Structures are given as structure tokens and as C-alpha cells.
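Read-outs throughout are calculated quantities, based only on the coordinates presented, and are distinct from any laboratory measurement. It should be emphasised that the depicted structure is a prediction, and the values quoted were computed from it without experimental measurement. Every residue, glycine among them, receives a Cβ derived from its backbone with ideal geometry; neighbour counts consider all protein chains shown.
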Amino acid sequence: MVPVNKALRTLGVIAIGSLVVSLCVVLAMGVSKPPSILKAIQNGKAQTPEGLLPAAHMEISIWPDSMQGMHGAHGGAHPDFVSYGPTSHFQVPAHSVVTITFKQYDSGEKIWNPYFAKVHGTVDGSMTLDGKKVTGIDPNAVGHTFTVHGMNTGQPDMFLSIPLPPTDEESEPEPNGYAKPHIITATFITGAAGQYIWNCEYPCGDGSYAKFGNAMSTGGYMSGIFDVVDANA
């Protein structure tokens, strides 16, 4: 039997997560000027457990502020918000093997739910972290996650979650002024076309919504749209 207190905490986390997802969708859909779309670059074919498939790749960066990417040189409306970029709207081809390279420039600490310190949804359940193959990271040292999931029933199933460790803030700064990033690569196989949302599952916003507020619940920063499209779309 699950203890009452534990059950209530679990229900609370689920409720908060559902609220945040709803907020992200509303805000992402409600912006008057949609962000530009970053499309995966298709590059031949690759052998996979599902046979030979079209291959594609893209690169996403995670910055500790909004001075890079779609928000402009001055950071836009919230220059101190953590942001993923160069945009928050990503597009990948259907029925393909896709590799995303992440450059993680931000700090972090212990994640509330260790489930999100593990890799989920990749080809073999792993990712590469600075060239080393791993299946997860230390739950006491998590910077962010990149988590893709559905918005409603009736669409093709998809779940991808990549944990992103915190950078070493004491490292020699890069030319862009940020600490040296961790380089993470994750490879996954897409199914049929569909539209999904992505968000960070590490609660690093302000004190509202159990730290899921602020940049985490504002579309265009730590959440956005993830499209899987047919090749001829």
C-alpha cells in the first residue's frame, strides 16, 4: 500500500506538471509573432534497429539568459530568462533517424524527480556526454532536460527525454562569454507526422507553481513546439 503522504505528493507533482504543460501550450500558441522554425538538416541514410532510414540532424543550445537566439541582442522582454535556441520551434522529418546535438551552457543542481535524470526514447536508451556513452546523469547534478511529449490523444505516440548536466561555472569562458558547455548528442527514431510540445522538466523557474513558473511556463524560453513532418510537407 502506498503511504497517504507519498500518494498526495505524487498527485501534486502530476497536477503541477499538467498545469505547466497546459500553460506552455496556450502561451506557445498564443504569441502574436510565432518564432522561426529550426528544421533538421537531412543527410543521407543510416542503418538503425528498424532498418535503413533517412537521417537528419540539428543543434540546440541552452543558455543561462536570453541574450542569444530568437530574443535578439538585448534579450527581448525577459533578458534574464533561461532560453533554448536558436528558436523554440523545432521540426524533424517523419520515419527518420534524427540526431540532436545539445550545447548546455547553464548551471544546475538536484532534480526533484530522478526519472528525468535518465535517458528516455533514444535508439538504445543512451546518449553521448562529452564523447562518452551514458544512460543517465547524476540526479544531484542536473542543469535542464529536453523532454518531448504529446499534447492530446489520437496522435502518434512519442516521448523523448534527454537530461542535460550543469556546466562547470569555473571553466574558462568561451568567446561568447559563457562557461564551456557540455556537448550532448541523442539519436532517436521518429514515427508518423504529428505535432508535439517540448519543455524542461527541471524546476528552475521562480517560486510560483513549485518553481515551474517564470521562464519555465513562458512560451519561447524553456518550452515550445516540436513538429514531426512528412518529407514532402
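Below are the figures for this structure:
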quantity: Calculated P(r) tail over 20 Å for the stretch 155-233, as whole % of Cα pairs; calculated: 54 percent
quantity: Nonlocal amide H pairs with I197, under 5 Å, H built at 1.01 Å; calculated: H149, M151, F226
quantity: Point-to-point label distance, N140-E172, nm (Cα→Cβ direction, 7 Å offset); calculated: 3.0 nm
quantity: Zone of Q155's modelled label, taken as backbone nitrogen in the stretch 188-205 under 16 Å from a point 7 Å along Cα→Cβ; calculated: 190-200
quantity: Order by protection proxy (mean Cβ within 10 Å, highest first), peptides 40-48, 169-177, 213-221, 76-84; calculated: 213-221, 76-84, 40-48, 169-177
quantity: Stokes-Einstein D for the stretch 61-216, Kirkwood Rh over Cα pairs, 4 °C, 1.567 mPa s (µm²/s); calculated: 80 µm²/s
quantity: Trypsin sites (Lys or Arg not before Pro) within the stretch 78-139: DSSP coil, no more than 16 neighbouring Cβ in 10 Å; calculated: K110
quantity: Relative contact order of the stretch 135-233, defined on C-alpha pairs under 8 angstrom at six or more residues apart (%); calculated: 26 percent
quantity: Per-residue HN-Hα couplings for the stretch 149-165 [Karplus 6.51, -1.76, 1.60; θ = phi - 60°; Hz; x = Gly/Pro]; calculated: 7, x, 9, 7, 7, x, 9, x, 5, 7, 8, 9, 9, 10, x, 10, x
quantity: Gain in span if fully extended, D80 to D230, counting 0.36 nm per residue against the direct Cα distance; calculated: 50.3 nm
quantity: Förster radius 35 Å - calculated FRET efficiency between N113 and Q195, Cβ distance, rounded to 0.05; calculated: 0.85
quantity: FRET efficiency, 1/(1 + (r/R0)^6) with R0 35 Å, evaluated for K211 and T48 via beta carbons; calculated: 0.40
quantity: Pair D124, I41: separation of 7 Å Cα→Cβ label points (nm); calculated: 2.5 nm
quantity: Spacing of the two label points (7 Å from each Cα toward its C-beta) at K133 and K180, in nm; calculated: 2.5 nm
quantity: Whole-number percent relative contact order across the stretch 4-229, with pairs defined as alpha carbons under 8 Å at least 6 apart; calculated: 23 percent
quantity: Ellipsoid equivalent to the stretch 58-111 - semi-axes via the Cα gyration tensor, in Å; calculated: 23, 16, 8
